[in-house]
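Heads up: the structure comes next, in structure tokens.
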Amino acid sequence: MRLLIVSDIHANVDAFDAVLEAAEGERWDRALVLGDLVGYGAEPNAVIERVLSLNPLAVIRGNHDKAACRLADASDFNHVARAAAMWTAETLTDENRAYLTRLPMGPISTDDTVEICHGAPFDEDHYIFDLPDAGHALDTTARPICFFGHTHLPVVYRRDSEGDTGFVPEVEHHLDLPLGDGARYLINPGAVGQPRDGDPRAAFGIYDTQRRVMTMSRVDYRVDLAQKRIFDAGLPPSLAHRLAVGR
């Protein structure tokens, strides 16, 4: 099976459409959505409808999803993120708000080898930024491969008999990463809707479960259209400006 893996779409329908168009040629079978469908961007309803149309294998909630449906109060958000969460809560349709409310928390195992979480397998809201945090996460994973999001930064952590290592993949367009037998992996495919690694292109991954190959991909999208939607919605302008620089 080939799994399309997307995370942190953040209501950026232009980026999400570009990812879906690019992935169409890669012949994927089912989708895994790692949380934060909404927040920051101006098209939360359109993004949720796109996700539903995929009939995904699994979808888990992110911290912005919880804030948008008022399962969390966003008190730990900065003022820009809080303003976007409040706008999103008012903009969602009743049906889409209910959908977000029903999303399960991670981690969830999708088969004998793969699990997904938003932040970390030990805490859905925890950020994994370094090797010690990754080591803690690998200690608590239930499957050999765990896909996560939340940081908006593509990264691969590996544990084998020689210890824990990590690296940031350099992706021109597509990068195939064979996953070795006997190792454990913690992989962030990067963010669809708001990359923060200095590359404004939308990020996603496809994992081939039979070949045990993870393909990390980046795709251009109409950043200007996403920015215009944010300006027109009256959201904080900084949310539009950051899209152009991938920060």
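Just so you know, all these numbers are worked out from the coordinates, no wet-lab data involved. Bear in mind that the values here come from a model prediction, so they are computed numbers and not experimental data. For neighbour counting, all protein chains shown are included, and Cβ atoms are generated from backbone atoms with ideal geometry for every residue, glycine included.
Charge tally for THR140 (other residues, Cβ to Cβ under 13 Å; Lys, Arg +1; Asp, Glu -1): -2.
Pick out, from GLN227, GLN210, ALA191, the residue whose Cα sits farthest towards the positive end of the charge dipole of region 172-247, with +1 on the Cβ of Lys and Arg and -1 on the Cβ of Asp and Glu. Selected residue: GLN227.
In a fully extended conformation the segment linking GLU24 and ASP181 would gain 53.7 nm over its present Cα-Cα distance, using 0.36 nm per residue. Both radii come from the Cα set of region 96-207: Rg as radius of gyration, Rh as Kirkwood radius; their ratio Rg/Rh reads 0.96.
A Förster distance of 35 Å, applied to the separation of the beta-carbon atoms of THR113 and LEU71, puts the FRET efficiency at 0.70.
Taking the longest Cα principal axis of the chain as reference, the axis of helix 44-53 is set at about 40 degrees. Mean-square fluctuations from a GNM of the chain, with a 10 angstrom spring cutoff on Cα atoms, peak among GLY205, GLY166, GLY182 at GLY182. Counting neighbouring Cβ atoms within 10 Å and putting the fewest first, the residues VAL59, VAL155, VAL219 line up as VAL219, VAL155, VAL59. Placing +1 on the Cβ of every Lys and Arg and -1 on the Cβ of every Asp and Glu, with nothing else charged, gives region 2-244 a dipole about its Cα centre of roughly 300 debye. Note that the chain shows a convex hull volume over its alpha carbon atoms of 109 Å³ per residue. Between VAL80, VAL33, VAL51, the residue with the greatest mean-square fluctuation in the GNM of the chain (Cα pairs under 10 Å linked by springs) is VAL80. Computed from label points 7 Å out along Cα-Cβ, the spacing between ASP160 and ARG102 is 4.3 nm.
Hey, any idea what the orientation-averaged projected area of the convex hull of region 103-164's Cα atoms comes to, in nm²? All intermediate terms of the calculation are to be shown ahead of the outcome.
Working: hull surface 17.0 nm².
In nm², the orientation-averaged hull projection of region 103-164 is 4.2.
Largest mean-square fluctuation among HIS118, HIS150, HIS174, in a Gaussian network model of the chain whose springs join Cα atoms under 10 Å apart, belongs to HIS174.
Exposed loop positions in the chain were taken to be GluC sites (Glu not before Pro) whose DSSP state is not H, G, I, E or B and which have at most 15 other beta-carbon atoms within 10 angstrom. Between these positions, the longest stretch is 27-161. Stretched out straight at 0.36 nm per residue, the stretch from MET1 to ARG211 would grow longer than its current Cα-Cα span by 74.7 nm.
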